[in-house]
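In what follows, a single structure is set out as structure tokens and then discussed.
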Amino acid sequence: MSQFSVIGKSVPKVDAYEKVTGQPIYAADLKMQGMLYGKIVRCMEFAHAKVIKLDFSEALKIPGVVKVLGPEDVTQTTYNTGACDEMVSDKVGHLLGDLKDQSIFTDHVRHQGDAICGVIAISEEIAERAAAKVIVEYEPLQVFMTPSEAEKTGTHQLHPDKANNMAFQLPEAMFPGNSYGWGDADEAMKEADIIVEDDFYVNKQKQCQMEPHAYIAQVDGRGRLNCWSSGQMPKITHQKIARLFNMPMSMVKIHSTTIGGGFGARLGIIAEPETCALAMAVPGRPVKVQTLREEDWIISESRHAGDYWMRLGFKKDGTPVACQARFKANTGAYFTHASGVPFTTGAWLSGMYKFGALGYQGESYFSNQAPAGAYRGYGNPQTNFVLEQLIDRALTQLDLDPVQWRLNWHKGVGDDGWCFGVKYPSCQLSECLKQGAEAIEWNKKLAEFKNQTGTKRRGVGVSVMNHTSGAMPMLLEHTVTTVMMNEDGSAVVATACSDLGQGSHTVLHQIAAEALGLDMNEVTLKTGDSDANGFDIGSHASRTTYVGGNSILEACDDIKKQLLERASKHLDTAVENLEFGGKTIFAKHNPENSITTAEICRLGVYNYMDPETGEPEGAPGQIFGFSSHFAKHNSPPFGACFVELEIDTETGEIELLELVHTHDIGRTLHPAMAEGQMVGGAQQGIGMALTEEIYYDEQGRAVNSSFTDYKMYGSSDMPKMKVILVEDPDPHGPYGAKSVGEAGLTSPVGAIANAVYNALGIQFKEAPITPEKVLKAIKENGLNFA
Amino acid sequence: MSSRILPNFDLLVPNSTSEAVNLLAHYQERAAILAGGTDLIVAMKMNYESEILISVSELDGLDYIDFDPNSGLHIGAKATVSQILDNADVKQHYPALWQAANVFATPQIRTAATLAGNVLRGSPAGDCSCALLALGARIVLQSTEGKREVAIEDFWTGYNQNARKPSELAIEIIVDAPQSATGSAFHRMTRVNEDLAKLNGSVRLDMDGNVCKSARIAMGCVGPTTLRLPKTEKLLQNEEITPELLAHVADMVPTEISPIDDKRSTAEYRLMVSGVVIKRLIEQAATAAN
């Protein structure tokens, strides 16, 4: 029998009933008394232009239009919609060259969709019609869409401080030689018997969360700015909005609405600044700004595309002697995550294998693409696509087995993790590899496919990954929790941790119930209210269960300590002699001397005077627990993905037959949701590998900014999947848990590419691997499958 | 950019076909016909405007699917793609049409969209349209002047254009009757399962043993309209279907199409796979015929 009563069980998701019956309130659902509607006028015609004329007169003539605001009518303070600037010290931010380069409205269009002005009207329809009547004239500027175009001499400089449009490179002061790694990779490479090297391109992928961005803002009668937002990071939103409008945080309230998916798209802020600026022009009236899918597409961030060069050196026996890499990320039109992603892309690289030496250079470049930012995996899938393919290319030359080599050379307990100096405390990657290989019948299939004939060719591929549980020590990892014990012994846990749909509120609920010895329905979570919730950095970096969970455990420990102290008084026994037994505290040597936690809580609140003694009955005071928790580790999880696929060599079409996803989870807190994370992650990883990319025309305008032409795998496309969760409790995670949020996306990318390589003997250097590319490569390589 | 707000229009809901054609006679080009709405409403959210929408929703008796071995399959203009899918005669006698309906869009759209709407929309990517072109079909158009029938190969006159006059209402599609050994098949290629075709093809063969008496071959997404491939059809006529013949066919197909690069694929790819697709469809249709 499990030692736990709540965790480790697939309890019903706390919001499941409401969600399947259509009850949760998303921002788009909200209607308020006297509500006005905002429509942001965006530049759709150009990716780079100067506004030379802006005329509201025709728009203002339309009955029902309240106001039209241009760049001069709103705060001139600039900001960064990303969140990295709030997660590092100013000193580090300065070293990294972080910029706050975004404005609410602009006269310099840096990408298609940049905001020019905003219309406020009494209905959405009128706002939209008026927006169409705003006259904007543009002077087109030179458009550049890629890092190589951006750095070319003579290209327009998007920011005066950033020569050659290089938004970021690993700073010399923190990374000598602008390089992250260990040893002298140049020297070490000379010892290699074989070297594999190539240039790759990784694609611009969109999060495609189900709910398009929608916001409401209102300045209330007291002059407080209220904003209804579905951001992943409500407290960062709170801080950023207060600072942008130069208000004390006490005069800003963020109401978190139900979040319809995030995957990084709601990290930091998005259109809260525009919405709040419109609301501040009409005090008292709520203003709703709702985006269309195409609009969401171009105003919110995507995965960083980029050019990725890598060179690996090996001894004949497979010993990996050196790894060198350079990732030139395309950060798009604004800085946003320009420093974060090019660092972590190398961090995941450095965390994977025991190379003798490793040198990674990470850079990012401005372009006229829509800004790149956070997307589940945060640089990891890019590295996976490149590293895992090059490893397999070398192993083919060395005639070594991909599973066995990975078993021999992956990093593990005691090795430096993705952030040097923070050593891996737990690692079950070898077990993942072994169980995954067995589940997919690796050896059998590998042998079978060597001798296959016919136009349909099968392949198997493997890929491994390391990720993180929170971003400590690179970024601030801090979560505050308060636990209030009701007078009947049930509890209210208040934290700002958000639930993007992944189920974090259910897991946090489980952790609190387990820690307090309560049932699920004896705990409730108070979230989404910036007045009531203390600080939390927000839901990102697969941190909520790990950091939020540990914060809740700390606050519950505080509660338990107080309960024991009270019990000690009630039972007239020292705390050391007491023990918890479910909802009762009893004396170890005399179990009949006991008191329920409910009774302690009741007596604390209803602390009447005993009429006979004139003394209070029991110990007075309602019990509150508190924690202001800073993560002590980042307990990286590992995983191995195995894929079997079949390629129609006459059409280039790829059919995924089976995907075995293994994960080193520490301890599983909720099996069904953990499995769901792995399956959902795989779906997005498959998309990156096979179908998803934002394409632009020659003028820099997105041509597939909707689901008609941006194709994700649907449920009917998904392969047969098996998820294997390998448990080995981590010393730092809550009940030993490590993260599972982002990990599932990463390894399918490399595993699919490697299975294609296994089937055809061809590697694809540009993701996604489409039938068009496959068939062309088959023809160009003169391959004939019969 | 699209909009959540439709442009202004007047919705007219006639109760009979004669009332509908009278309205069309009056409004002519000013009116658009609303059936399933799965294309029209989306277009209206993009940039399409029509002053008048005439809905067929209240027209009685147009949702039939009747099969007659001599006169063929009669499909009322209101019959939905879901109805096609649920019809046993279609599945048995017109596998190409059933296969097209089976992969057509999504369950939600199949429930609303009409077969006639797919034909009238005239998209070169239309799946059911492609199957109908291979199977042989006529569009029955009615106006205040009376009825006329247009063969499907004459119906699409250009990209998103067709032979329907503004005063006419399509009331029925008649699919040619199968011969004693007719087989047909449909296939499409997409980026993911629920998608518009990047290329589709359909073949109908009238067989005598392993000899093809006559063939009808259609391909979509390779020209301004769904195309018939007459030279390829001729290669098959009165010929025994052999691997050598199929190799000839595969070489001939790309010479009859003129694909372009677009969001869904490239001209190069479409040319490379077109022959393979038709070769496989012929094998499939020949099997089905016997």
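See the values below:
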item	result
Whichever residue in segment B:224-250 is acidic (Asp, Glu) and surrounded by 13 or more Cβ atoms within 10 Å (Cβ to Cβ) and, among such residues, is nearest to the chain's Cα centre (by Cα)	B:Glu233
Yes/no for A:Gly534 being within 30 Å of A:Ile236 (Cα to Cα), in contact with a strand residue (DSSP E or B) (Cβ under 8 Å, 6 or more places away or on another chain) and not in a helix (DSSP H, G or I)	yes
Residue that is within 24 Å of the chain's Cα centre (by Cα), part of a loop (DSSP other than H, G, I, E, B) and touching a residue at least 60 places away in the same chain (Cβ under 8 Å), where the choices are A:Phe385, A:Phe420	A:Phe420
Candidate set from segment B:144-190 (those that are of a type in the set (Ser, Thr, Tyr) and within 30 Å of A:Glu772 (Cβ to Cβ)); member that is surrounded by the fewest Cβ atoms within 10 Å (Cβ to Cβ)	B:Tyr159
Selection within segment B:182-198 - in a loop (DSSP other than H, G, I, E, B), in contact with a Gly (Cβ under 8 Å, 6 or more places away or on another chain) and more than 7 Å from chain A (Cβ to nearest Cβ)	B:Ala197
Residues located in segment A:71-97, provided they are buried (at least 20 other Cβ atoms within 10 Å of the Cβ) and free of Cβ contacts under 8 Å to residues at least 60 places away in the same chain	A:Asp85
Whichever residue in segment A:109-133 is open to solvent by less than 20 Å² (accessible area, probe 1.4 Å) and more than 14 Å from chain B (Cβ to nearest Cβ) and, among such residues, is nearest to A:Tyr695 (Cα to Cα)	A:His111
Segment A:591-613, subset closer than 26 Å to A:Asp519 by Cα and in a strand (DSSP E or B), residue most open to solvent (accessible area, probe 1.4 Å)	A:Glu592
Any pair with Cβ under 9 angstrom, 6 or more apart, that starts in segment A:584-608 at a residue that is touching a residue at least 24 places away in the same chain (Cβ under 8 Å) and under 10 Å from A:Ala567 (Cα atoms) and ends at one that is in a strand (DSSP E or B) and open to solvent by 50 Å² or more (accessible area, probe 1.4 Å)	A:Thr597/A:Phe580
Residue among A:Gly154, A:Gly181 that is surrounded by fewer than 17 Cβ atoms within 10 Å (Cβ to Cβ) and either outside the structural domain of A:Ile270 (by TED's automatic domain parsing) or not acidic (Asp, Glu) (or both)	A:Gly154
Candidate set: segment A:298-326, residues that are among the hydrophobic types (A, V, I, L, M, F, W, C), open to solvent by less than 10 Å² (accessible area, probe 1.4 Å) and under 23 Å from the mean Cα position of the chain (by Cα); chosen: the one farthest from A:Phe343 (Cα to Cα)	A:Ile298
Set A:Ala672, A:Ala777, A:Ala786: member being under 23 Å from the mean Cα position of the chain (by Cα) and among the aliphatic types (A, V, I, L, M)	A:Ala672
Exclusive hit being within 22 Å of A:Ile778 (Cβ to Cβ) and open to solvent by 70 Å² or more (accessible area, probe 1.4 Å), set B:Arg270, B:Arg264, B:Arg280	B:Arg280
Test: residue in segment A:10-20 that is hydrophobic (A, V, I, L, M, F, W, C) and under 30 Å from A:Gly118 (Cα atoms)	no
Neighbours by Cβ (under 9 Å, 6+ apart or cross-chain): first from segment A:642-662, within 11 Å of chain B (Cβ to nearest Cβ); second surrounded by fewer than 20 Cβ atoms within 10 Å (Cβ to Cβ) and hydroxyl-bearing (Ser, Thr, Tyr)	A:Asp648/A:Thr455; A:Thr649/A:Thr455; A:Glu650/A:Thr455
Among (1) buried (at least 22 other Cβ atoms within 10 Å of the Cβ); (2) within 13 Å of chain B (Cβ to nearest Cβ); (3) over 26 Å from A:Glu438 (Cβ atoms) - the single one A:Ile686 does not satisfy	(3)
For A:Leu349: the one exception among (1) outside any strand (DSSP E or B); (2) open to solvent by less than 10 Å² (accessible area, probe 1.4 Å); (3) within 26 Å of A:Leu500 (Cα to Cα)	(3)
Cβ-Cβ under 6 Å pairs, at least 6 apart or on other chains, segment B:205-218 side not assigned by TED's automatic domain parsing to the domain that holds B:Pro95, far side aromatic (Phe, Trp, Tyr) and at pLDDT 95 or above	none
Selection count where residues are in contact with a strand residue (DSSP E or B) (Cβ under 9 Å, 6 or more places away or on another chain) and more than 14 Å from every other protein chain (Cβ to nearest Cβ), scope segment A:288-339	36
Single unsatisfied condition, A:Gln33 versus (1) closer than 18 Å to A:Tyr138 by Cα; (2) open to solvent by 30 Å² or more (accessible area, probe 1.4 Å)	(1)
Hits in segment B:263-290 (condition: in a loop (DSSP other than H, G, I, E, B), within 14 Å of chain A (Cβ to nearest Cβ), over 21 Å from the mean Cα position of the chain (by Cα) and not hydroxyl-bearing (Ser, Thr, Tyr))	B:Lys263
Residue that is farthest from A:Asp728 (Cα to Cα), among those in segment A:414-447 that are of a type in the set (Phe, Trp, Tyr) and in contact with a Pro (Cβ under 7 Å, 6 or more places away or on another chain)	A:Trp418
Residue match in segment A:44-65 (condition: open to solvent by 20 Å² or more (accessible area, probe 1.4 Å) and closer than 24 Å to A:Met247 by Cβ)	no
Qualifying position, being within 14 Å of chain B (Cβ to nearest Cβ), under 23 Å from the mean Cα position of the chain (by Cα) and open to solvent by 10 Å² or more (accessible area, probe 1.4 Å), among A:Ser716, A:Ser706	A:Ser706
Residue count for segment B:191-204, restricted to those that are within 14 Å of B:Val277 (Cβ to Cβ) and either open to solvent by 20 Å² or more (accessible area, probe 1.4 Å) or assigned by TED's automatic domain parsing to the domain that holds B:Gly122 (or both)	0
Hey, A:Pro729 surrounded by fewer than 21 Cβ atoms within 10 Å (Cβ to Cβ) and away from chain B (no Cβ under 14 Å) or not	yes
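The values are calculated or read from the model by the stated rules, or taken from the named source; none is laboratory data. Keep in mind the model is a prediction, meaning the values are calculated, not measured. Don't worry about glycine lacking a Cβ; one is built from the backbone with ideal geometry, like all the others, and counts go over all protein chains shown. When the accessible area is computed, the model is the full protein with side chains, heavy atoms only, and any ligands, DNA or RNA have been set aside. Shrake-Rupley method; radii C 1.70, N 1.55, O 1.52, S 1.80 Å.
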